[in-house]
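Read through the structure below, which is laid out as structure tokens, and then see the notes.
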Amino acid sequence: MKELVILSGKGGTGKTSLTAAFAGLKSSLMLCDADVDAADLHLIMAPDVQETHDFVGGNEAVIDPDRCTGCGTCLELCRFDAIDENQGEYTVDVLNCEGCGVCVDMCPESAIDFPRKTCGQWFVSHTRFGPMVHARLGIAEENSGRLVALVREQAKKRARDAHIDLILTDGPPGIGCPVIASIGQASAILIVAEPTVSGIHDMKRVGELAAHFKIPAMVCINKFDLNLDQTRAIETIAREKNILVAGKIPFDPAFTKAMIQIQTLLEYDDTCPAAKAVRNIWETVMTHPAMKLERLM
Amino acid sequence: MIISIASGKGGTGKTTVAANLAASLNQPVTVLDCDVEEPNLHLFLHPDIQSREKVIAPVPEIDLDRCTFCKKCMDICRFNAIAVTANTVVTFPELCHSCGGCTVICPENAVTEKERILGTVETGTVPLPDMNFGQGLLDIGQVMVPPVIRQVKSHRAPDQGITLIDAPPGTSCPVIAAMKDTDFVILVTEPTPFGLNDLKLAVETVRLLNIPHGLIINRAGMGDDAVYAYAKDKNLPVLMEIPYDKAIAQAYSKGDLIISQQEDYKEKFQTLYKKICLLADSEKCAP
Ligand code: SF4
Ligand code: SF4
């Protein structure tokens, strides 16, 4: 089984639209939205949710005022400024609490409870392109890396059970914990870069991250005709860093129009120049040595 | 006055707004790039970096001569950053949240803390009148983003000054760390279904933090009207619209400011600031 993770360094480069467009190019695949912080793939996939599960992420400290004697040990030990003291009354600021549990363990009165909390939900759905695993992290919750890992694990497990040999994962932005959680053990990543000074900067950072974790990386340039100098710069950097340039997509309003119609680019207009480019990129990506599918029995 | 500029997701034009607003104000301003995973603001403001400091987090170091392998440190660690076996202890610094629990609990005083570098904070000035600049850079492979953001934020302008914070995307810990304790949040969005979806999450986040906020619609005209309907429904003031314009996109691609290409935008950004002053706590607004 292979997994292609589509990344961008930053949102807004067309990562999700491209993932969606790819989905129609293979008859059997598993979709996975690993951008749990601001998931968008469902907006085009219109998933029919089959299963909903709670994501129990971490724990949160809660001080029981009846048991608390106001000794201040928790305040002294908490390194996250999460304990507030107001006239001898101690409370936990949930937005600062990291769930480390140090106050819970060290409170001499055992006055701090540590209930587990639901940090989001994850779903298994049917879509017109195949099954999809996706999630939604609750607002202001932590542990997005763990939820990403869980979503990918479930996608893998279910793909295996259904004899699906390819997982297409829409990755999160950035280079921090969710992204690291999204690329571990991936077969390859495809970076969607825009020909802008910031696009180049972002692509370099994800490229370095992929190299750090030894994951084969490819890049495609979206809206390449917006700035041809920057497009050439991306190609040069890619060559230097051993990143295959899988192709270039021209600027095309069809992407936005398709999104508004809840369609993939190829459903909306499969003859437009961008659609042709997307098909070519798909061919190139799928023939990369890291992505070659083994025959299914 | 501390204004943070956020959006549910990257790529909506947060950095464009931060850079242009900063360069349009006729007052001293400090701009801080808190998108430490992918800081881009420097590409538009070309700061002259004058100092660099490391962001350091303590992680445990185990003195195996003292350790009796009681496993207390392993048990207290909620992040699986310590594994104790019959005759050794392994730590996983990249999982450690630096809570210090293992150090306080160890009965043998076998745990001390050593420093791990999470990233760098750079500060300097921008070759425009009265602009200070700061940015954080997360080291590749590191995951502890909020401490880097907090350290960038420690460089905010003194009392009366204006600080602009370019926040990271999303709705989880990094963006909370950036928006927390700021006086106003500008939410930048695009009038598309993705833009709207991400905006809804961003609005929930600011409302949770209880910070006054308003909307900038970037690339106005590119998509549909649903964002406007939502704004109206939720009583979200639309502070400014930036049209969908190839010239603006090209300026951005080269790292140019809109105001250096289209003079009239300077005034538009000044008006934006005035609107913010009316919506935020008025005492925070410098005269
Ligand atoms: S350590 Fe326990 S008893 Fe002491 S102030 Fe904190 S909650 Fe109260
Ligand atoms: S400092 Fe906290 S998170 Fe780090 S290893 Fe010790 S107990 Fe675990």
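In a reduced charge model with +1 at each Lys and Arg Cβ and -1 at each Asp and Glu Cβ, the stretch A:53-180 shows a dipole moment near 1160 debye about its Cα centre.
For the stretch B:177-233, the convex hull drawn through the C-alpha positions has a volume of 77 cubic angstrom per residue. Taking every C-alpha pair closer than 8 Å and separated by at least 6 residues, the mean separation divided by the residue count of the stretch B:24-134 gives a relative contact order of 41 percent.
With pairing defined as another cysteine C-beta under 4.7 Å, the cysteines of chain B that fail it are B:C34, B:C67, B:C70, B:C77, B:C96, B:C106, B:C173. Working note: Debye formula, equal point scatterers on the alpha-carbon atoms of the stretch A:23-92, no solvent; log10 I(q)/I(0) at q = 0.15, 0.18 Å⁻¹ is -0.68, -0.80. Take every Cα pair under 8 Å whose residues are at least 6 apart in sequence, average their separation, divide by the length of the stretch A:134-243, and the relative contact order is 22 percent.
With a 1.4 angstrom probe, the accessible area lost at the A-B interface totals about 5000 Å². The convex hull around the C-alpha trace of the stretch B:103-200, projected and averaged over every direction, spans 10.4 square nanometres. Our coupling estimate for the stretch B:56-69, obtained by passing each phi through the Karplus curve with A = 6.51, B = -1.76, C = 1.60 and θ = phi - 60°, is 10, 10, x, 10, x, 10, 9, 8, 5, 5, 8, 5, 9, 6 Hz, Gly and Pro reported as x. By the helix-only formula, in which each DSSP H run with n ≥ 4 contributes -39500 (n - 2.57) and the sum is divided by residues, chain A has a 222 nm mean residue ellipticity of -10000 deg cm²/dmol. Both radii come from the Cα set of the stretch A:72-187: Rg as radius of gyration, Rh as Kirkwood radius; their ratio Rg/Rh reads 1.14. Calculate the length of the line joining the C-alpha centroid of the stretch B:146-173 to that of the stretch B:232-265, in whole Å. The stretch B:146-173 and the stretch B:232-265 have Cα centres separated by 23 Å.
A convex hull fitted to the Cα coordinates of the stretch A:156-297 yields 132 cubic angstrom per residue.
Where both bridge residues fall in chain B, DSSP classifies roughly 45% of the beta bridges as antiparallel. Applying a 4.7 Å cutoff between beta carbons, the unpaired cysteines of chain A are A:C32, A:C68, A:C71, A:C78, A:C97, A:C107, A:C119, A:C177, A:C220, A:C272.
Compute the whole-percent fraction of alpha carbon pairs in chain B spaced more than 26 Å apart. So the portion of pairs separated by more than 26 Å is 49 percent.
The stretch A:8-85 and the stretch A:228-247 have Cα centres spaced 33 Å apart.
A quarter of the convex hull surface defined by the alpha-carbon atoms of the protein assembly as shown gives 28.0 nm² as the mean projection. Counting only aspartates and glutamates at least 8 places from A:K292 when in the same chain, those with an alpha carbon closer than 13 Å to its own are A:E3, A:D165, A:E283.
Over the stretch B:208-287, one equal point on each Cα, no solvent: what is log10 I(q)/I(0) by the Debye formula at q = 0.12, 0.27 Å⁻¹? These q points yield log10 I(q)/I(0) values of -0.45, -1.25. Peptide B:190-197 is shielded by partner chain Cβ atoms: per residue, an average of 5 of them sit within 10 Å of its Cβ.
For the stretch A:221-297, the mean projected area of the C-alpha convex hull, equal to one quarter of the hull surface, is 6.6 nm².
Evaluated at q = 0.09, 0.14, 0.16 Å⁻¹, a Debye calculation over the C-alpha positions of chain A (equal weights, vacuum) places log10 I(q)/I(0) at -0.51, -0.97, -1.17. Cα-based radius of gyration for the stretch B:148-279, normalised by 2.2 N^0.38 Å, reads 1.09. Helix B:264-279 sits at what angle to the longest principal axis of chain B, using alpha carbons and giving 0 to 90 degrees rounded to 10? Orientation of helix B:264-279: about 60 degrees from the principal axis. The magnitude of the dipole of the protein assembly as shown, with charges of +1 and -1 set on the Cβ of Lys/Arg and Asp/Glu and taken from the Cα centre, is near 1660 debye.
The values are calculated or read from the model by the stated rules, or taken from the named source; none is laboratory data. Every value quoted in this text rests on a predicted model; they were computed, and no experiment measured them. Neighbour counts are summed over all protein chains in view; Cβ atoms, including those assigned to glycine, are modelled from backbone coordinates with ideal geometry. Side chains included, ligands, DNA and RNA excluded: accessible areas come from the protein's heavy atoms. Shrake-Rupley method; radii C 1.70, N 1.55, O 1.52, S 1.80 Å.
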